[in-house]
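Structure record follows, encoded as structure tokens.
Bear in mind these aren't lab numbers, they're just calculated from the coordinates by the rules spelled out. These numbers come from a predicted model, not from an experiment.
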Amino acid sequence: MISNSTSKTVIKLNINGETHEVMVRSADTLLWILREQLGLTAAKRACENGDCGACTVLVNREPTHSCLSLAIETINQPITTAESLIGSPIQNQFVDKWAIQCGYCTPGFILNCHALATKHPEADDEVIEEWMRSNLCRCTGYQEIKEAVKAVLQESEIYKDKGKPAS
Ligand code: FES
Ligand code: FES
């Protein structure tokens, strides 16, 4: 980490398998850095209070609200954003099951689903519902989202081969 005289700090973040050098203030959130400095806009800004999950990314493979995470706290930790899952089987299942309406919540759900498939590929309905509870869909397409998640888990072998993000 290199400090300079303007109270900003240059840090390196590992995002989707690539190293990005960014200049941050100590209070800058990971969400702000992703969107405003790096142009990675899949993580969405909504409540900015930890309530909706629209800003979800994976940090060390754990679903994380990037609106509540300081960028400087994520140095040396692999960060995964939904951009790394473009064209993946998991995205295809969300499309096939019509699990998107306005799409604002979708990147967060997709990353949460990816983490679930990685950690609990055998998850039943109860576990799926509990896991997805951290994300809100204002269009209330929960049934379709649940169907997409179930389809991803059922295709776990395909998913393991093709759905992993770069990090
Ligand atoms: S914007 Fe981060 S939880 Fe809502
Ligand atoms: S699809 Fe619109 S908020 Fe979920």
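The stretch between HIS120 and CYS47 holds 23.5 nm of extra length on full extension. This uses 0.36 nm per residue minus the Cα-Cα distance.
Convex hull of alpha carbon positions in the chain: directionally averaged projected area 9.1 nm². Extension gain, GLU62 to SER134: 0.36 nm times the residue separation minus the Cα-Cα distance gives 24.7 nm. Our helix-only sum for the chain, with -39,500 (n - 2.57) per DSSP H run of n ≥ 4 divided by its residues, gives a mean residue ellipticity at 222 nm of -9000 deg cm²/dmol.
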